[in-house]
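The values are calculated or read from the model by the stated rules, or taken from the named source; none is laboratory data. Because the structure is predicted, anything quoted here is derived from the model rather than measured. A quick note on method: Cβ atoms are made from the backbone with ideal geometry, for glycine too, and the neighbour counts reach across all protein chains shown. Heads up: the accessible areas ignore ligands, DNA and RNA and are worked out on the full protein's heavy atoms, side chains in. Shrake-Rupley method; radii C 1.70, N 1.55, O 1.52, S 1.80 Å.
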Amino acid sequence: MDFKKHIHDVHDFPKKGVVFKDITPLLSDPKAFAAAIDRMSEPFVGSGVQIVAGIESRGFLLATPIAYRLGAGVAPIRKKGKLPRTVKSASYALEYGMDSIEAHADAFPKNAKVLLVDDVLATGGTAAAAISLIEVIGGHLVGSSFLIELGFLDGRKKLPGRKIHSLVTY
Ligand code: AMP
């Protein structure tokens, strides 16, 4: 499956100088979508994943079918202020300033085996914050699965010693 054929580059979105990787053509193609979910899940089949944590918002679209495929539950990692009950937060640096992500403090039981899923690994700041959040809650990170890795941004450097799987690298 040539996944790149189904990922469209959108220049200068959401701001000048950024090449946005639009995965909606891939999501809407039944064969490409199924292949992507299978291939993102594959390395983690049999590793006892209990929870797939997806990062808002495109991460949700991938985390949920991957969780179903692995026989796991799903937990949302959301932007600040979206979750209704007691949360844990983790902050990360943006180009200008900081942002934070949150998960319910009881999103999964202590020592649960957790797989992190998102659409794009770029600078790695979001994934590093999500991993710290998973560990603060008491989860055991089995690994991370991304559809796209922007290799030139070296996001892996922010996730040393972690198992990282990505389908497509630019
Ligand atoms: P980062 O923290 O830099 O690794 O950015 C990762 C997050 O930002 C992911 O949740 C992505 O959805 C989003 N993101 C970063 N760069 C892009 C891009 N070029 N195209 C689409 N989404 C992106």
Checklist entry - Name the residues in the range 108-121 that are part of a loop (DSSP other than H, G, I, E, B) and either acidic (D, E) or open to solvent by less than 30 Å² (accessible area, probe 1.4 Å) (or both), would you? => result F108, A112
Item to check | Matching residues, the range 1-21, being surrounded by 15 or more Cβ atoms within 10 Å (Cβ to Cβ) and either of a type in the set (D, E, K, R) or free of Cβ contacts under 8 Å to residues at least 12 places away in the same chain (or both) | outcome: K4, K21
Next on the checklist: Can you find a residue that is at pLDDT below 95, out of contact with any Phe, Trp or Tyr (no Cβ under 8 Å at 6 or more places or on another chain) and assigned to a loop (DSSP other than H, G, I, E, B) anywhere in the range 86-95?
Outcome noted: yes
Item to check | Of all residues in the range 126-143 being within 12 Å of the ligand (Cβ to nearest atom), small (G, A, S) and over 24 Å from H8 (Cβ atoms), the one that is surrounded by the fewest Cβ atoms within 10 Å (Cβ to Cβ) | outcome: A128
Next on the checklist: So in the range 150-168, with the set limited to residues that are among the basic types (K, R) and out of contact with any Asp or Glu (no Cβ under 9 Å at 6 or more places or on another chain), which one is surrounded by the fewest Cβ atoms within 10 Å (Cβ to Cβ)?
Outcome noted: K157
Next on the checklist: Which residue is farthest from L94 (Cα to Cα), if the candidates are limited to the range 12-39 and must be more than 12 Å from the ligand (Cβ to nearest atom) and not in a helix (DSSP H, G or I)?
Outcome noted: D29
Next on the checklist: For a quick check of your reading of the model, give me the residue pairs whose first member lies in the range 37-63 and is more than 17 Å from I131 (Cβ to Cβ) and among the aromatic types (F, W, Y), whose second is part of a strand (DSSP E or B) and open to solvent by 10 Å² or more (accessible area, probe 1.4 Å), with beta-carbon atoms closer than 9 Å and at least 6 apart or on different chains.
Outcome noted: F60/V74; F60/P76
Next on the checklist: Given the criterion within 16 Å of the ligand (Cβ to nearest atom) and closer than 17 Å to H140 by Cβ, identify the matching residue among A67, A103, A72, A93.
Outcome noted: A103
